[in-house]
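The values are calculated or read from the model by the stated rules, or taken from the named source; none is laboratory data. No experiment lies behind these values; they were computed from the predicted model shown. Cβ coordinates were reconstructed from backbone atoms using ideal geometry, including for glycine residues, and neighbour counts include every protein chain displayed.
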Amino acid sequence: MNRSDFLAALRATLGPDGLSTDPSDLTHWGRDWTRSLAPDPLAVVWPRDTAEVAAVVRACAAAGTAIVPSGGRTGLAGGAVAAHGEVVLSLDRLRDIGPVDGLNRSVTVGAGVPNSVLQTALVPHGLWWPVDLASKGSATVGGNLATNAGGLRVLRYGHARNWVLGVQVVWASGEITQLGGALHKDNSGYALQQLLVGGEGTLGILTAATLALAPLPGPSEVALVGVRDLGAAVALFGALRQLPVVVNAFEALTDLCLEQVIAHTGMARPLQPCATYALFDVENPRGADLAEWLAGQAGLVQDAALATDRTQADKLWSYRERITESLQPRRPHKNDVSVPVSSMAGLAAEVAQWFATHRPGWQVALFGHVGDGNLHVNALAPSDLAQKDWRLACEQADQALYGLVAARGGSLSAEHGIGLLKKPYLSITRPAAELAAMRAVKRALDPGNLLNPGKIFDL
């Protein structure tokens, strides 16, 4: 089948508004938040339901045309980039939200439901899906599961895989299968739904999921605290955990991050300038006096702001949540690594030393989730450095960073997956036998290498 006949067949299946080859659509839908990779898809399709997803997969399989599943495209590793003439299969129209089972604390939703829309629908039931992302307005349930997303509250709730009971999947053959269901306990064989979570769309296309839900968090107290460095932030986290509170989140950011947010948004500086800031959110059922506790942490705390109401709490959170958009004009080269919490300060110091020695004059913005050892390393492009030189220098910096991470038993991807960008480096932290097992699974489930080929590893 030639290209024209193939596209005509897809359009006949999906309707006139279900397929586009318009260059602007190809550019928009063919990439994620990664801007260093140029998209080059053949077409973009928008199926309306699982049956149409299966029809697209069968047609692509027959034509030998690869597929890139697409959610909210908020990833930063190139996992949703279509760079080699693939069909982008957008799940944007799969937005059904089924009845909420309040007693079972579960709900079945389409893969295209944005996080923020789901949370709004759950509020009347006193429930939420506790995968809380700064990109909640754009990120989707399907994308969350494909990357096993974490977010701001992993410390308390864990990753997305902790909150999925079952999934509906379209395999590379076009067959539709329900894996799992609404059961909280089921030990009858392999939990194949968990194999697909974190698979980046390389093993099957998730079209719907039955999610486990949690009660809405109770009232919380939020504080932004200035400290001398990340080591002090980690020490403060350890001290906070000794209090009779429930720690929902504990974040850290360097002053460069805060400066960029202030410059980008026009928000006022919340504290006196400090090298690093810690932001924490706790439920305090026993009424611990956090102001008194902070005052007693004089060896760690240089300045602090404790929110007195929800409006102030939201404003303090916005200094953290708006970092990514505020850094974007600086062409940041992003990394998303993790190490044991006890190694986080050491890694940050080693990263700072490496850049000071090998990339003097570069600015590096660090922020992350202290509670789970996740550090976001953002190198900001010098204004006088050509794009090709910038990319080469960043590749060299990546190699050094991943070596430091591996030496501390860490991962080169804490949240955003491997995609295209981190594929060359995966062997630094994953042994050959493990990669061979992954390839064996891929070949078994997708023998034609139809689904998101070239992501995570090459076959």
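A few comments on the model shown:
- Look at (1) under 19 Å from D255 (Cα atoms); (2) at pLDDT below 95 and you find that Q272 fails only one, number (2).
- Condition check for L195 on (1) within 23 Å of the chain's Cα centre (by Cα); (2) in a loop (DSSP other than H, G, I, E, B); (3) surrounded by fewer than 18 Cβ atoms within 10 Å (Cβ to Cβ): one failure, at (2).
Let's see how each residue does on (1) surrounded by fewer than 23 Cβ atoms within 10 Å (Cβ to Cβ); (2) in the same structural domain as V53 (by TED's automatic domain parsing); (3) modelled with pLDDT of 95 or more; (4) not basic (K, R):
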residue: G85; (1), (2), (3), (4): yes, yes, yes, yes
residue: A121; (1), (2), (3), (4): yes, no, yes, yes
residue: L133; (1), (2), (3), (4): yes, no, no, yes
residue: G137; (1), (2), (3), (4): yes, no, no, yes
residue: T140; (1), (2), (3), (4): no, no, yes, yes
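- Test result for V141, over 30 Å from E52 (Cβ atoms), among the β-branched types (V, I, T) and touching a Leu at 6+ places or on another chain (Cβ under 9 Å): no
- Residue in the stretch 57-69 that is within 22 Å of K423 (Cβ to Cβ) and either surrounded by fewer than 24 Cβ atoms within 10 Å (Cβ to Cβ) or among the polar types (S, T, N, Q) (or both) present: yes
- One residue from G180, G199, G218 being at pLDDT 95 or above and either of a type in the set (S, T, N, Q) or on the phi < 0 side of the Ramachandran plot (or both): G199
- Segments classed as helices (runs of 4 or more DSSP H), wholly inside the stretch 1-65, with at least 3 members that are under 25 Å from L445 (Cβ atoms): 3-14, 50-63
- Scanning the stretch 2-48 for residues that are farther than 30 Å from P332 by Cα, of a type in the set (A, V, I, L, M) and either without any contact (Cβ under 8 Å) to a residue 60 or more places away in the chain or in the same structural domain as G143 (by TED's automatic domain parsing) (or both) turns up L7, A8, A9, A12, L14, L19, V45.
- Given (1) in the same structural domain as W128 (by TED's automatic domain parsing); (2) aliphatic (A, V, I, L, M); (3) under 26 Å from P285 (Cβ atoms); (4) over 21 Å from the mean Cα position of the chain (by Cα), index of the condition V154 fails: (4)
- Taken together, the residues in the stretch 359-401 that are closer than 19 Å to A275 by Cβ and small (G, A, S) amount to 4.
- Complete set of residues in the stretch 310-329 that are surrounded by fewer than 19 Cβ atoms within 10 Å (Cβ to Cβ) and farther than 20 Å from V225 by Cα: E325, Q328, P329
- Which listed residue, of P447, P424, P453, is out of contact with any helix residue (DSSP H, G or I) (no Cβ under 8 Å at 6 or more places or on another chain), of a type outside the set (A, V, I, L, M, F, W, C) and farther than 25 Å from R35 by Cα: P447
- Meets criteria (over 14 Å from Q193 (Cβ atoms) and hydrophobic (A, V, I, L, M, F, W, C)) for V154: yes
- Considered as a group, the residues in the stretch 421-459 that are charged (D, E, K, R) and under 24 Å from the mean Cα position of the chain (by Cα) include one that is surrounded by the fewest Cβ atoms within 10 Å (Cβ to Cβ), and that residue is D458.
- Restricted to the stretch 216-323, the set of helices (runs of 4 or more DSSP H) holding at least 3 residues that are touching a Phe, Trp or Tyr at 6+ places or on another chain (Cβ under 7 Å) comprises 255-265.
- Verdict on P244 being loosely packed, with under 15 Cβ neighbours inside 10 Å and either among the polar types (S, T, N, Q) or in contact (Cβ under 8 Å) with a residue 60 or more places away in the chain (or both): no
- Members of the stretch 380-403 found to be crowded, with 18+ Cβ neighbours inside 10 Å and modelled with pLDDT of 95 or more, listed by number: A397, D398, L401, Y402
- Considering the stretch 328-363, the residues that are in contact with a Lys or Arg (Cβ under 8 Å, 6 or more places away or on another chain), part of a helix (DSSP H, G or I) and not polar (S, T, N, Q) include one that is farthest from N374 (Cα to Cα), namely G346.
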